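The values are calculated or read from the model by the stated rules, or taken from the named source; none is laboratory data. Keep in mind the model is a prediction, meaning the values are calculated, not measured. All Cβ positions, glycine included, derive from the backbone under ideal geometry; neighbour counts span all protein chains shown.
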Amino acid sequence: MFEALPALSPDPILGLSAAFKEDSNPHKIDLGVGVYKDEHGNTPILKAVSLAQQELDKRETSKVYITPQGHQGYIDGMLSLILGAQSPVLKDNRVAGVQAPGGCGALRILAELLMRCNKDTVVWVSDPTWANHIPLLGDAGLTLKTYPYFDKASASIKFEAMMDCLKEVKKGDVVLLHGCCHNPTGADLTNKQWQSLTELAVKNGFLPFVDLAYQGFGESLEEDVYGLRLLAESVDEMVIAASCSKNFGLYRERVGLAAIIGKDANTKKITQSQIQSVARGIYSMPPSYGGALVDIILANEKLSEVWKDEVTEMRERMITLRKLLVDNLHKQGVDKDFDFVNRQKGMFSFLCISPEHVRTLRSEHSVYFVDSSRVNIAGINHSNVEVLAKAIADTLKSH
Ligand code: LMR
């Protein structure tokens with residue numbers, strides 16, 4: 001029966017890693033998959049994580065199953081990191097949560113939960129959004145529609161058009177928002193724009209679904225959740241998918257969190273039981289290891305400080321790299337004004353060049369990034385930036 005299925009082309013993001021590996025050009029540059037890299041192109045284990053691993057090694061005396069909900073300490077630690085320790089929704093016991101296998105796992109189980117509520121649920125996603133949002137939510141059966149978000153010509157957010165579209169969204173529809181460091185554009189809403197959006201969510205009754213995969217990579221751990229916290233304090237219901245892949249560097253351990261804010265403590269009982277049953281029906285229980293490490297870090301003041309310093313270091317490095325790229329592009333005499341790259345946040349920037357230019361950069365210069373023109377800023381370093389800027393300048397001039 002399987003021969004009737006079509007063979008599929010590689011994933012638009014993950015497929016780039018395989019193509020990059022096969023390229024024999026010694027000057028090849030990988031700006032594809034969203035993974036933090038240091039000046040030497042490595043993704044080392046964070047110091048806080050190494051210390052937590054040593055501690056876990058001592059503490060863990062069994063490999064017996066954990067529960068479908070995961071480590072409660074992890075869930076509590078993450079909820080206070082995201083919502084704030086003093087969050088009224090936490091005080092009112094309105095938040096259900098489970099440890100999920102990565103941010104992807106969190107997105108999928110929340111999608112399944114939304115399907116249990118109403119199989120005709122419509123989810124509005126930004127145009128553009130992270131490519132994997134589409135299968136993660138769509139394959140669960142949700143209907144996806146897009147709202148305008150980013151204007152490539154001006155390299156800025158089309159906020160008016162976004163709001164005009166969301167004004168028409170029906171009560172009970174779901175609106176997927178990127179908590180910070182929008183993937184793929186790096187263009188984030190201002191606090192004032194979050195305020196207007198929150199007012200609209202309250203007025204129109206759509207359900208905010210916040211994907212938070214880069215907390216700490218934009219402005220700071222606190223400032224990056226301004227919009228999320230404002231929504232949480234203002235609406236009756238909301239869902240959150242969070243990831244520890246990037247800010248804890250725990251990519252392969254698959255550590256995420258799915259949280260549901262309900263109207264009251266009684267609703268929490270319902271959603272907690274439902275989301276655990278969704279998890280049980282898909283993968284039974286999350287992998288233990290990464291969540292246990294995050295639990296150890298967040299519960300220990302000293303380790304938390306070590307970790308926060310590392311997040312700051314990663315963020316500041318990426319801000320420096322943005323400037324380095326823009327300065328080098330200007331040095332190469334490009335006509336296009338790339339200053340917008342300095343205003344974008346987090347790991348990604350949209351260079352706002354055509355897919356043809358992106359493909360030329362790949363085939364003629366061995367520079368790898370997603371066709372949409374999304375680059376992983378962390379893949380830039382002092383040794384490759386000049387080659388990169390020259391490759392971009394040559395491509396823009398000659399095609
Ligand atoms: C990315 O956007 O590159 C990362 O989140 C990795 C992935 O799974 O796509």
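Annotation: of all residues in the range 330-381 being in contact with an Asp or Glu (Cβ under 9 Å, 6 or more places away or on another chain) and among the aromatic types (Phe, Trp, Tyr), the one that is nearest to the ligand (Cβ to nearest atom) is 369. Here residue 277 passes the criteria (1) outside the structural domain of residue 183 (by TED's automatic domain parsing); (2) over 23 Å from the mean Cα position of the chain (by Cα); (3) hydroxyl-bearing (Ser, Thr, Tyr) except the one numbered (1).
Is it the case that the range 33-52 has a residue that's within 26 Å of residue 276 (Cβ to Cβ) and buried (at least 18 other Cβ atoms within 10 Å of the Cβ)?
Filtering the range 33-52 down to residues within 26 Å of residue 276 (Cβ to Cβ) leaves 52.
Now restrict to residues that are buried (at least 18 other Cβ atoms within 10 Å of the Cβ): 52.
Yes.
List pairs: first in the range 357-381 and assigned to a strand (DSSP E or B), second of a type in the set (Asp, Glu) and surrounded by 20 or more Cβ atoms within 10 Å (Cβ to Cβ), Cβ under 7 Å, 6+ apart or cross-chain? If the second residue must be of a type in the set (Asp, Glu) and surrounded by 20 or more Cβ atoms within 10 Å (Cβ to Cβ), the pairs left are 368/30.
Restricting the range 7-30 to residues that are touching a residue at least 40 places away in the same chain (Cβ under 8 Å) and in contact with a helix residue (DSSP H, G or I) (Cβ under 8 Å, 6 or more places away or on another chain) leaves a set whose member that is farthest from residue 41 (Cα to Cα) is 19.
Checked against (1) over 19 Å from the mean Cα position of the chain (by Cα); (2) of a type outside the set (Ser, Thr, Tyr); (3) crowded, with 19+ Cβ neighbours inside 10 Å, residue 344 passes all but condition (1).
Hey, which of the helices (runs of 4 or more DSSP H) in the range 1-105, taking only ones fully inside, have at least 1 residues that are touching a strand residue (DSSP E or B) at 6+ places or on another chain (Cβ under 9 Å)? First the steps, then the outcome.
On the way: elements: 14-22, 47-59, 72-83, 88-91.
Because the criterion is at least 1 residues that are touching a strand residue (DSSP E or B) at 6+ places or on another chain (Cβ under 9 Å), the helices (runs of 4 or more DSSP H) in the range 1-105 that meet it are 14-22, 72-83, 88-91.
Per the conditions (1) without any contact (Cβ under 8 Å) to a residue 12 or more places away in the chain; (2) surrounded by 14 or more Cβ atoms within 10 Å (Cβ to Cβ), the sole criterion not satisfied by residue 114 is (1).
Residue-level check: of (1) at positive phi; (2) more than 16 Å from the ligand (Cβ to nearest atom), residue 216 misses just (2).
Select from the range 86-135 the residues that are of a type in the set (A, V, I, L, M) and touching a Lys or Arg at 6+ places or on another chain (Cβ under 7 Å) and list them in ascending order.
Pass one, the range 86-135, residues of a type in the set (A, V, I, L, M): 89-90, 95-96, 98, 100, 106-107, 109-111, 113-115, 122-123, 125, 131, 134.
Within the range 86-135, 95, 96, 122 qualify.
Take the conditions within 16 Å of the ligand (Cβ to nearest atom) and either more than 19 Å from the chain's Cα centre (by Cα) or surrounded by 20 or more Cβ atoms within 10 Å (Cβ to Cβ) (or both) and apply them to residue 7. Does it pass? The answer is no for residue 7.
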